[in-house]
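K.L.:
One structure, as structure tokens, below. Some questions next.
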Amino acid sequence: MTRFTSVALSFLLAGSANAFVAPGRASFASRSSTLEAVSKKDSYSVTLLPGDGIGPEITAATKVALEALCEKCGFQIELKEALIGGAAIDAANDPFPQESLDQCLASDSVLLACIGGYKWDNNPRELRPETGLLKMRKEMGLFANLRPAKVLPQLLDASTLKREVVEGVDVMVVRELTGDVYFGTPKGIDVIDGQRVGYNNMIYSESEIDRIARVAGDVASKRGGKLCSVDKANVLDVSQLWREVVTKVISEDFSDIELSHMYVDNAAMQLIRWPKQFDTIVCGNIFGDILSDEASMLVGSLGMLPSASIGESGPGVFEPCHGSAPDIAGEDKANPLAMILSAAMMLQYDLDRPEEAKMLEAAVEAVLDQNLRTPDIKQEGDGCKLIGCKEMGEAVAATIASMDAVAV
């Protein structure tokens, strides 16, 4: 299966009123490989990875919303769970068992909740939840992560920054996902001259930079036409190569894009100082890991933000930006909306169901308009009703049930 259709999910790439959906990328065909979604059909196979912490709770709430959507729109999604992260370590002594990988690869798409927790923090590297996540990305070829940060009018006051700073913010971070210091070798901890020395290798090949630059160029071309490439070229050789390759790709194949470059330390500052200067940001794995979390918090809560991890072929993985929040696990305090919105992205990117994706996104905005809030987005004196994870999922499902079905 290859990915992406020409039908638009407007948020991720175009930045319009449909907050969490984005155009497909048929234009990749003229600039790189053709990427298309699975053909539209009546029944789909989706692997669910509930993971750890609040993962099972937000997964359950998302299932309720998806079931309501399928019933309303007349199609089926077979949701089959598999193990990843700490749950997989406990059950199979492997953070991403081969059985889970095989099931993911055989599916039309993958919906992941979150992984990790204090319980496994002191495990050896090979038995940590994060190792399973890195393995999944590598084995499934998920080289591009698209992480949006758009401030919704309903949640303006949820941000810790001033209203005039965040109002109108609409940033997309395109992060390379399978290279850089997280995957580079050699790496390890050795004894040298009588003391332990830890080391990792920040490394990128031209081809790895080229393909993520093309994704970023296409994303920027369907948004505001501005692309900022983030690096540390003043001190890092790998960043010098990054800058050269990105410049070449954009100047030759995306000449309509306004390209700029920024050192990562300055980018971290500018995202807080004046985030509206950014439209699309492209960066390597470690810089993208940090900056995308920073950009996500501009909207007030990671609990609102979806993401997509995609490759040139095979199913993508769609997941909320937040972590597993083990401190509130099992307390019905989690916000399931980011995972529900990740499911909307899945409907577009992998399942060729753009209208259903828009319906799911619209239902999320509708429950916010109904002044329903989970604890992470509840503000003192805002007049909104505080509800739990389960009730929020049910509210989205009820809203879907009351909407007009899309034409099939």
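K.L.:
Return the single residue from E356, E126, E391 with maximal mean-square fluctuation; model: Gaussian network over the chain, springs between Cα atoms under 10 Å.
P.N.:
E126
K.L.:
Among I212, G194, C228, flag the residue with its Cα farthest along the positive direction of the charge dipole of region 182-249, charges on Cβ as +1 for Lys/Arg and -1 for Asp/Glu.
P.N.:
Working it through, the farthest residue towards the positive pole turns out to be C228.
K.L.:
Give me the percent relative contact order of the chain, please, defined on Cα pairs under 8 angstrom at least 6 residues apart. It would help to have the intermediate numbers written out before the result.
P.N.:
Values: 961 pairs, mean separation 96.4, N = 408.
Relative contact order comes out at 24 percent.
K.L.:
Note the full-extension length gain between S39 and N371 as 0.36 nm times their separation in residues minus their Cα-Cα distance, in nm to one decimal.
P.N.:
Here the answer is 115.8 nm.
K.L.:
Continuing with this model, one more query. Ordered by packing density, taken as the mean number of other Cβ atoms within 10 Å over each peptide's residues, highest first, how do 301-307, 164-170 rank?
P.N.:
301-307, 164-170
K.L.:
Could I ask something else about it? Run the helix sum for the chain: -39,500 (n - 2.57) per DSSP H stretch of 4+ residues, divided by residue count, reported at 222 nm to the nearest 500 deg cm²/dmol. All intermediate terms of the calculation are to be shown ahead of the outcome.
P.N.:
On the way: 14 runs with 156 residues, N = 408.
Counting only the DSSP helices, I get -11500 deg cm²/dmol.
K.L.:
Here's another thing I want to ask about it. How much accessible area per residue does region 269-318 have, in Å², with a 1.4 Å probe? Please report the intermediate quantities before stating the final value.
P.N.:
Values: 1310 Å² over 50 residues.
Dividing the accessible area of region 269-318 by its residue count gives 26 Å².
K.L.:
With every protein chain left in place, what is the accessible area per residue of region 45-84 in square angstrom, probe 1.4 Å?
P.N.:
So region 45-84 comes to 36 Å² accessible per residue, rounded to a whole number.
K.L.:
A follow-up question, please. Could you check what % of the DSSP bridge pairs in the chain are antiparallel, to the nearest 5? Walk me through the numbers before you get to the answer.
P.N.:
Working: 21 of 50 bridges.
The antiparallel fraction comes to roughly 40 percent.
K.L.:
Quick one: how many Å² of R128 are accessible to a 1.4 Å probe, rounded to 10?
P.N.:
So the heavy atoms of R128 present about 60 Å² to solvent.
K.L.:
Rank L177, L105, L49 by mean-square fluctuation in a GNM of the chain with C-alpha springs under 10 angstrom and give only the top-ranked residue.
P.N.:
Result: L105 has the largest fluctuation of those listed.
K.L.:
Now a separate question. For the pair K162/T247, report the inter-label distance in nm, with labels modelled 7 Å from Cα in the Cβ direction.
P.N.:
Rounded to a tenth, the inter-label distance reads 3.6 nm.
K.L.:
Over the chain, what percent of the accessible surface lies on carbon and sulfur atoms, probe 1.4 Å?
P.N.:
Carbon and sulfur atoms account for 50 percent of the accessible area of the chain.
K.L.:
May I ask for the equivalent-ellipsoid semi-axes of region 333-396, computed as the square root of five times each C-alpha gyration tensor eigenvalue and listed largest first in whole Å? Display every interim value, and only then the final one.
P.N.:
Numbers: eigenvalues 122, 25, 14 Å².
Working from the Cα gyration tensor, I get semi-axes of 25, 11, 8 Å.
K.L.:
Moving to a separate point now. If I take R0 = 25 Å and measure r between the Cβ atoms of T185 and H261 in this structure, what FRET efficiency does the formula 1/(1 + (r/R0)^6) give, to the nearest 0.05?
P.N.:
On the way: r = 28 Å, r/R0 = 1.11.
Computed FRET efficiency for T185 and H261 comes out at 0.35.
K.L.:
Using a cut-off of 13 Å between beta-carbons, work out the net charge of the residues near D52 (Lys and Arg +1, Asp and Glu -1, D52 not included).
P.N.:
Values: positive: K119, R128; negative: E57, D90, D121, E130, E319, D327.
Counting the neighbours of D52, the net charge comes to -4.
K.L.:
Solvent-accessible area of K40, probe 1.4 Å, all protein chains present, reported in Å² to the nearest ten, please.
P.N.:
100
The values are calculated or read from the model by the stated rules, or taken from the named source; none is laboratory data. Keep in mind the model is a prediction, meaning the values are calculated, not measured. So basically every Cβ, Gly included, is an ideal-geometry build from the backbone, and we count neighbours across all protein chains shown. Accessible surface is based on the protein model in full, side chains and every heavy atom, while ligands, DNA and RNA are left aside. Shrake-Rupley method; radii C 1.70, N 1.55, O 1.52, S 1.80 Å.
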